[in-house]
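Asks: Next up is a structure, given as structure tokens.
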Ligand SMILES: Nc1ncnc2c1ncn2[C@@H]1O[C@H](COP(=O)(O)OP(=O)(O)OP(=O)(O)O)[C@@H](O)[C@H]1O
Ligand SMILES: [Mg+2]
């Protein structure tokens, strides 16, 4: 089954963490996920859930200042980027960003808009929209692999959780 989009209600932080963890479990070992949405939407929270879903027990710092936080869980490499402070995507080339994208690697990228032209194309993009209370996550698949991830994810949520 293929699924190209999925919208999930996230009434509170716990559900953002849970979505991140579910995404992690279904992502395999070589996946790129773009995380979009306003300041404070919940992109880092979702990333924290993702890392915890893979078994990470330590802290998950926002990479706002460092641009990237690396993780290694077993043999799995994970890079969590936050490109908010990048104003010219070319800066990414100067920092050697291509060296991070050697498969197999899991990449979570906040503010991918700031890196246009220098990033791999995503398997899944997740746009988090702020609601009056809680959030809405709009997930879109951009590859066959992404569609498979969304199909599995969809089967784990009830119709009440979806929109
Ligand atoms: N579903 C949710 N409902 C309500 N609050 C949430 C939800 N998910 C996350 N939050 C809260 O939103 C706040 C901001 O989250 P977070 O730091 O993850 O945002 P961000 O999108 O990474 O922001 P930035 O663009 O600044 O990096 C946190 O206090 C977090 O607890
Ligand atoms: Mg963040």
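The values are calculated or read from the model by the stated rules, or taken from the named source; none is laboratory data. Everything numeric here is computed off the predicted structure, so don't read it as measured data. All Cβ positions, even for glycine, are placed from backbone atoms using ideal geometry, and neighbour counts span all protein chains on display.
Asks: May I ask you to say which residue of 104, 89 is in contact (Cβ under 8 Å) with a residue 60 or more places away in the chain and either within 11 Å of ligand 1 (Cβ to nearest atom) or over 13 Å from the mean Cα position of the chain (by Cα) (or both)? Working first, answer last.
Replies: Details: 89 fails: in contact (Cβ under 8 Å) with a residue 60 or more places away in the chain.
Going through 104, 89 in turn, just one is in contact (Cβ under 8 Å) with a residue 60 or more places away in the chain and either within 11 Å of ligand 1 (Cβ to nearest atom) or over 13 Å from the mean Cα position of the chain (by Cα) (or both): 104.
Asks: Now a separate question. Residues of the stretch 130-139 being touching a residue at least 24 places away in the same chain (Cβ under 8 Å) and either surrounded by fewer than 19 Cβ atoms within 10 Å (Cβ to Cβ) or in a loop (DSSP other than H, G, I, E, B) (or both), which ones?
Replies: Answer for the stretch 130-139, where residues must be touching a residue at least 24 places away in the same chain (Cβ under 8 Å) and either surrounded by fewer than 19 Cβ atoms within 10 Å (Cβ to Cβ) or in a loop (DSSP other than H, G, I, E, B) (or both): 130, 133, 134, 136, 138.
Asks: Continuing with the same structure: Among the candidates 47, 29, which residue alone is loosely packed, with under 14 Cβ neighbours inside 10 Å and under 26 Å from residue 143 (Cα atoms)?
Replies: Details: 47 fails: loosely packed, with under 14 Cβ neighbours inside 10 Å.
Answer to the check: 29.
Asks: Mind checking which residues of the stretch 88-97 are surrounded by 11 or more Cβ atoms within 10 Å (Cβ to Cβ) and in a loop (DSSP other than H, G, I, E, B)?
Replies: Correct list: 89, 95.
Here's the yes/no breakdown for (1) outside any helix (DSSP H, G or I); (2) modelled with pLDDT under 95; (3) touching a helix residue (DSSP H, G or I) at 6+ places or on another chain (Cβ under 6 Å):
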position	(1), (2), (3)
15	no, no, no
32	yes, no, no
48	no, no, no
51	no, no, no
57	yes, no, no
63	yes, no, no
79	yes, no, yes
86	yes, no, yes
99	no, no, no
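Asks: Within the stretch 101-127, track down each residue that is within 16 Å of ligand 2 (Cβ to nearest atom) and either in a helix (DSSP H, G or I) or in contact with a helix residue (DSSP H, G or I) (Cβ under 6 Å, 6 or more places away or on another chain) (or both).
Replies: To start, the set of residues in the stretch 101-127 that are within 16 Å of ligand 2 (Cβ to nearest atom) comprises 107-115, 125-127.
Hits for the stretch 101-127 are 108, 110, 112, 113, 114, 115.
Asks: May I ask you to verify whether residue 37 is crowded, with 17+ Cβ neighbours inside 10 Å and touching a residue at least 40 places away in the same chain (Cβ under 8 Å)?
Replies: Yes.
Asks: Evaluate the following for residue 19: is it modelled with pLDDT of 95 or more, away from ligand 2 (no atom under 12 Å from the Cβ) and more than 27 Å from residue 102 (Cα to Cα)?
Replies: No: the conditions fail for residue 19.
Asks: State all residues of the stretch 22-78 that are more than 23 Å from residue 10 (Cβ to Cβ) and within 13 Å of ligand 1 (Cβ to nearest atom); if no residue qualifies, say none.
Replies: 65, 66, 67
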